[in-house]
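The values are calculated or read from the model by the stated rules, or taken from the named source; none is laboratory data. Just so we're clear, the structure is a prediction, and the values are computed from it rather than from any experiment. Positions of Cβ are generated from backbone atoms using ideal geometry, with glycine treated the same way; all protein chains shown enter the neighbour counts. Just so you know, the surface numbers come from the protein's heavy atoms only, side chains and all, with ligands and any DNA or RNA stripped out. Shrake-Rupley method; radii C 1.70, N 1.55, O 1.52, S 1.80 Å.
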Amino acid sequence: MTQVAAQKPNLRIAIAGLGAIGKSIATTLAQGSVPGVELTAVSAKNHDKAKEFVSTLAHPVKVLTIAELEKEADLVIECAPAALLPEIATPFLNAKKQVIVLSVGALLFHPELIAMAKDKGGVIHVPTGALIGLDAMIAAAEGKIHSVRMVTRKPPKGLAGAPHLLENNISIEGLTEAKKVFEGNARDAAKGFPANLNVVVALALAGVGPENTLLEIWADPAVVRNTHTIVVDSDSAKFTMTMENIPSENPKTGRIVAQSVIAKLRKMRSSFKVGT
């Protein structure tokens, strides 16, 4: 007698935060573009605007507070301000569920979340996002990495309002040429540019850590795309990667970030997986 494999239940998804990235992900998931994945709930600061947005989706989903999301989903996608990460992630990790973190820099300042995932049996996912070559970095980390350095160039408006600029009275108004506004390590960059530098934090977590991952940030009026150049030297390979990411509606974030989350969900549900 032929046995038919049982079909996996849909992976229920909640989205916390409905900025440009959250809305893009929600629209794609509501269309049923990822088999085996179902959008069930969203949360946003302004519930009236959230309900208005939800009414445009291919199928209705609940608009809830952050605290209410866990009961409605198996996995939450954090698309919110970095300060809200613990509030979003903790209920899911305590319930042995999953979290996709986009405010990666916040993980450096909330290591208790990583410990909680380990202790409780939950899972934290950091998607590739705007970073090419993350698989190469992960592989290189199995050996010895000698150095990692990254140079980021962004249009000035993509860096506007960053705490590092405000605290150090660094003006980027009316620039006519590139201006270096930061040089240091990934930990300091995550603190000074919490909405901008999730790329370098992901690189650091995959490789030699935030203290040993070095970074320059330039406000450059000549660029229209968020540009990152990374040089890695290890005992297995030396590689250089440059990416020019088209900004989303939010100039601080690349359009490819939302697509990376969709690709991550698709891979989670697939029986054929390419990449480390």
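Tabulated data
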{"read-out": "Debye log10 I(q)/I(0) at q = 0.07, 0.08, 0.12, 0.13 Å⁻¹ for the chain, Cα point scatterers", "value": "-0.27, -0.35, -0.77, -0.90"}
{"read-out": "Gyration tensor verdict on segment 32-78 (Cα atoms; rounded if a/c is under 1.5, prolate if a/b is larger than b/c, oblate otherwise)", "value": "oblate"}
{"read-out": "Within a Gaussian network of the chain (alpha carbon springs, distance under 10 Å), most fluctuating of ALA89, ALA160, ALA258", "value": "ALA160"}
{"read-out": "Anchor LYS180: lysines whose Cα lies under 22 Å away (excluding residues fewer than 8 positions away in-chain)", "value": "LYS154, LYS157, LYS191, LYS252"}
{"read-out": "Heavy atoms of ARG255 accessible to a 1.4 Å probe, total area in Å² rounded to 10", "value": "130"}
{"read-out": "Selected from GLY143, GLY209, GLY105 as most flexible by GNM, with the chain as the system and alpha-carbon contacts under 10 Å", "value": "GLY143"}
{"read-out": "Fraction of antiparallel bridges per DSSP, the chain only, in percent to nearest 5", "value": "45"}
{"read-out": "Spatially proximal lysines relative to LYS8 (Cα-Cα < 16 Å; intrachain offsets below 8 disregarded)", "value": "LYS267"}
{"read-out": "Residue of ALA222, ALA117, ALA30 that the Gaussian network model of the chain assigns the largest fluctuation, springs spanning Cα pairs under 10 Å", "value": "ALA222"}
{"read-out": "Cα gyration tensor shape for segment 161-243, rounded if a/c is under 1.5, else prolate or oblate", "value": "oblate"}
{"read-out": "Protection proxy ranking of 168-175, 59-66 - average other beta-carbon atoms within 10 Å, highest first", "value": "59-66, 168-175"}
